[in-house]
1. Under the Kirkwood approximation applied to all pairs of distinct alpha-carbon atoms, what is the hydrodynamic radius of the stretch 28-150 in Å?
2. Mind listing the phi-derived Karplus ³J(HN,Hα) values for the stretch 187-203, rounded to whole Hz, using 6.51, -1.76 and 1.60 with θ = phi - 60°, and x for any glycine or proline?
3. If N is the number of residues in the stretch 83-140, what value comes out of its Cα radius of gyration divided by 2.2 N^0.38 Å?
4. How large is ³J(HN,Hα), in whole Hz, for each residue of the stretch 205-211 in order, when computed from phi with the Karplus curve 6.51 cos²θ - 1.76 cosθ + 1.60 and θ = phi - 60°, using x for Gly and Pro?
5. Got a sec? How would L32, L170, L232 order by Cβ neighbour count within 10 Å, fewest to most?
6. Between the stretch 109-142 and the stretch 187-234, what's the alpha-carbon centroid distance in Å?
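Computed from the coordinates by the stated procedures, all read-outs in this text should not be read as laboratory data. Since this is a predicted model, take the numbers as computed values, not measurements. Note that we place each Cβ from the backbone using ideal geometry, even for glycine, and neighbour counts take in every protein chain shown.
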Amino acid sequence: MTASRREVSARVRRSSQKANSKSSAFDVKLFLGSTGLGRKVGKFQRKETIFAQGDAAKTVMYIQDGGVKLTVGNESGKEAVVAILGPGDFFGEGCLGGQLVCTATATAIAPTTLLVIKKNEMIRVLHREHEFSDRFIAYMLARNVRVEEDLIDQLFSSAEKRLARTLLLLARYSAQGHPQKVLGKVSQEMLAEMIGTTRSRVNFFMNKFRKLGFIKYKGEIHVNTSLLSLVLHDDVNSRAIRKDTALPSE
């Protein structure tokens, strides 16, 4: 074999190796959208329990479609909604930090499809695949920021502003896009539990928001970007917006 032929052959092998490397590259979207070793798809109907508070914590779940409500309860039967999650969200990640039991109950709020990932498989992928671990860490950091904002909102904001912010979050509002419709049917009772007020006050504010053109709803709730003004400029808007009727007492 001549030197020129050997060089061509070496180039072909290198090209083939690069192609194989690219084809075997980890695909985050494919991983989260398909079944495989240590992961399976679970389907749940509306109001079906996915796991209950106190169950063994052994899996991390990723929402492919639908929505999930996380609630916590006490011995007297009082229950509070702590989160509403949608497509692209993870939950059950506490098992990765040594949590032995689930601290909340997860319930489907619409027909829901989940990717259920076993703890050991999740740990393996996080260690080996940097693209996936980067995405997961970014998600958890954003979630922590959201929890801090929720706490500040609960402590210092009015019930009206808390409801406006919750509706925007449920609609997945972001600066890059427009709000989408809220997943399924979110009841006023659920909204009241989320913001820490009564159903009657939620009903009052929802009617007010609808009259002002901030929202429209008929089964599903559609949120207009104008609602953001109430969240960002509550003090300024309070004089202009709160003029129709006196608010019920806090």
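1. In the stretch 28-150 this quantity evaluates to 14.9 Å.
2. Here the 3J(HN,Hα) series is 6, 5, 4, 5, 4, 4, 5, 5, 9, x, 9, 9, 5, 5, 6, 4, 4 Hz.
3. On the way: Rg = 12.4 Å, N = 58, 2.2 N^0.38 = 10.3 Å.
Dividing the Cα Rg of the stretch 83-140 by 2.2 N^0.38 Å gives 1.20.
4. Working through the residues one at a time gives 5, 4, 5, 5, 4, 5, 4 Hz.
5. On the way: L32 17, L170 22, L232 11.
Neighbour counts put them in this order, fewest first: L232, L32, L170.
6. 32 Å
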